[in-house]
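Trainee: Below is the structure I would like to discuss, written out as structure tokens.
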Amino acid sequence: MTIRHFLSLDDLGAEGIRRVIDRAIAAKRQPDGRTPLAARTLAMVFEKASTRTRVSFEAGMTQLGGHAIFLSPADTQIGRGEPVEDTARVLSRMVDAVMIRNHSHDTLERFAAHASVPVINGLTDRLHPCQLLADLQTYVEHRGDIAGKTVAWIGDGNNMCHSYLNAARLLGFTLRIGAPEGYLPDAQILAAAGEHAMVCDDAASAADGADLVVTDVWASMGDEGDRETRLADFANYQVNRALMSWAADDALFMHCLPAHRGEEVSAEVIDGPASVVWDEAENRLHAQKALLLDLLETR
């Protein structure tokens, strides 16, 4: 049987993304109490700190009747220099799937190349596709199909921005990016999005008429050493009431969290009526349960 990984949204494709989102919404609305992953085990390998990713995957496996094991470099041979290829081979003989949250996307790909069970990208320096499943589910729940809509990405052209670019290309919406010079997304990922992506000169231009406004912290994990520089560089890219006034009247606001109120977003926006960040956070659980079923039920 062919092993199906989820390293990026492209591994599901447009049809698969919609299938997973529809299943997540249906199960959230009417839980059926089934335990289709009974006796299945998910290994969760974390190099980076996590709240939502760890809790959603662990709770999701429990609710589906399975079990999740937390592995950190401090507690395993990974942290003592065992080759990633060897770890992939060993874990594949003991568990049914592996979720990895690490620094290097290249390392994730090496792991997946030597694994014989599904590997899930829980976040890398390049992409964060699990968060996009939750974001897309949240938009569909509140506003319906995202195809043809306009999304404004405000801030750093980071892994979240990259995954939004992939989603725009696959699902047919337009992503407008408002980022300072020096913080634009990867040129190759941006080019691949083609007509579905646009880099704007300022935050207001990106937000103008947008149906959804999204941001993230200005200093992601690993960028803390540049924090003061980034605060200055992003000073004109805060999502606040003035910026949201450029968006459509019924525009939604999302943030993958954790958020720094007063930096990338004002308190009046994240705690205001346009914000759906708490639904977005909860949907990490539902979207990932649907993803786990999609990858594991047929195995």
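The values are calculated or read from the model by the stated rules, or taken from the named source; none is laboratory data. Since this is a predicted model, take the numbers as computed values, not measurements. Cβ placement follows ideal geometry from the backbone for every residue including glycine, while neighbour counts extend to all protein chains displayed.
Trainee: All but one of (1) outside the structural domain of D22 (by TED's automatic domain parsing); (2) in contact with a Gly (Cβ under 7 Å, 6 or more places away or on another chain) hold for K289, so report the exception by its number.
Mentor: (1) is the only condition that K289 fails.
Trainee: Any chance you could count how many residues in region 164-219 are within 15 Å of L136 (Cα to Cα) and buried (at least 16 other Cβ atoms within 10 Å of the Cβ)?
Mentor: Filtering region 164-219 down to residues within 15 Å of L136 (Cα to Cα) leaves 164-175, 211-215.
Keeping just the survivors that are buried (at least 16 other Cβ atoms within 10 Å of the Cβ) gives 164-171, 173-175, 211-215.
Summing the residues that are within 15 Å of L136 (Cα to Cα) and buried (at least 16 other Cβ atoms within 10 Å of the Cβ) in region 164-219 gives 16.
Trainee: Tell me, please, whether a residue that is out of contact with any helix residue (DSSP H, G or I) (no Cβ under 7 Å at 6 or more places or on another chain), under 15 Å from V151 (Cα atoms) and free of Cβ contacts under 8 Å to residues at least 60 places away in the same chain can be found in region 207-223.
Mentor: Checked against the condition, which is being out of contact with any helix residue (DSSP H, G or I) (no Cβ under 7 Å at 6 or more places or on another chain), under 15 Å from V151 (Cα atoms) and free of Cβ contacts under 8 Å to residues at least 60 places away in the same chain, region 207-223 yields at least one hit.
Trainee: Taking the stated definitions as given, is R40 in contact with a strand residue (DSSP E or B) (Cβ under 8 Å, 6 or more places away or on another chain), among the basic types (K, R) and assigned by TED's automatic domain parsing to the domain that holds A112?
Mentor: yes
Trainee: So which residues in region 264-298 are part of a loop (DSSP other than H, G, I, E, B) and farther than 23 Å from V214 by Cα, if there are any at all? Spell out the reasoning first.
Mentor: Going residue by residue through region 264-298, those that are part of a loop (DSSP other than H, G, I, E, B) are 264, 266, 271-274, 276, 297-298.
Within region 264-298, E297, T298 meet the criteria.
Trainee: Here's something else I'd like to know. Within the group A49, A24, which residue is surrounded by fewer than 18 Cβ atoms within 10 Å (Cβ to Cβ), on the phi < 0 side of the Ramachandran plot, out of contact with any strand residue (DSSP E or B) (no Cβ under 8 Å at 6 or more places or on another chain) and assigned by TED's automatic domain parsing to the domain that holds T87?
Mentor: Of the residues listed, the single one that is surrounded by fewer than 18 Cβ atoms within 10 Å (Cβ to Cβ), on the phi < 0 side of the Ramachandran plot, out of contact with any strand residue (DSSP E or B) (no Cβ under 8 Å at 6 or more places or on another chain) and assigned by TED's automatic domain parsing to the domain that holds T87 is A49.
Trainee: Here is a follow-up. Report yes if L133 is outside any loop (DSSP other than H, G, I, E, B) and either crowded, with 17+ Cβ neighbours inside 10 Å or not hydrophobic (A, V, I, L, M, F, W, C) (or both), otherwise no.
Mentor: So L133 passes the test.
Trainee: Pairs please, first residue from region 39-66 and farther than 15 Å from H103 by Cα and touching a residue at least 40 places away in the same chain (Cβ under 8 Å), second anywhere and among the charged types (D, E, K, R) and surrounded by 22 or more Cβ atoms within 10 Å (Cβ to Cβ), Cβ atoms under 7 Å, 6+ apart in sequence or on different chains.
Mentor: Listed pairs, sorted by first residue: R52/R284; S56/R284; G60/K289; Q63/K289; L64/K289.
Results for (1) over 16 Å from L296 (Cβ atoms); (2) among the hydroxyl-bearing types (S, T, Y); (3) crowded, with 23+ Cβ neighbours inside 10 Å; (4) assigned by TED's automatic domain parsing to the domain that holds E58, shown as yes or no for each residue.
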{"residue": "E82", "(1), (2), (3), (4)": "yes, no, no, yes"}
{"residue": "A88", "(1), (2), (3), (4)": "yes, no, no, yes"}
{"residue": "R93", "(1), (2), (3), (4)": "yes, no, no, yes"}
{"residue": "V98", "(1), (2), (3), (4)": "no, no, yes, yes"}
{"residue": "S104", "(1), (2), (3), (4)": "yes, yes, no, yes"}
{"residue": "T107", "(1), (2), (3), (4)": "yes, yes, no, yes"}
{"residue": "H114", "(1), (2), (3), (4)": "yes, no, no, yes"}
{"residue": "P118", "(1), (2), (3), (4)": "no, no, yes, yes"}
{"residue": "G122", "(1), (2), (3), (4)": "no, no, yes, yes"}
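Trainee: Which residue, of E263, E297, is surrounded by 13 or more Cβ atoms within 10 Å (Cβ to Cβ) and either in contact (Cβ under 8 Å) with a residue 60 or more places away in the chain or not small (G, A, S) (or both)?
Mentor: Sole residue among the options that is surrounded by 13 or more Cβ atoms within 10 Å (Cβ to Cβ) and either in contact (Cβ under 8 Å) with a residue 60 or more places away in the chain or not small (G, A, S) (or both): E263.
Trainee: Look at G148 and say whether it is in a helix (DSSP H, G or I), at positive phi, at pLDDT 95 or above and not hydroxyl-bearing (S, T, Y).
Mentor: Taking the combined requirement at face value, the residue does not satisfy it.
Trainee: Okay, moving on. Does N159 satisfy the condition of being touching an Asp or Glu at 6+ places or on another chain (Cβ under 9 Å) and under 18 Å from H255 (Cβ atoms)? Full working, then the answer.
Mentor: Values: touching an Asp or Glu at 6+ places or on another chain (Cβ under 9 Å): yes; under 18 Å from H255 (Cβ atoms): yes.
Yes; evaluated as a whole, the condition is true for this residue.
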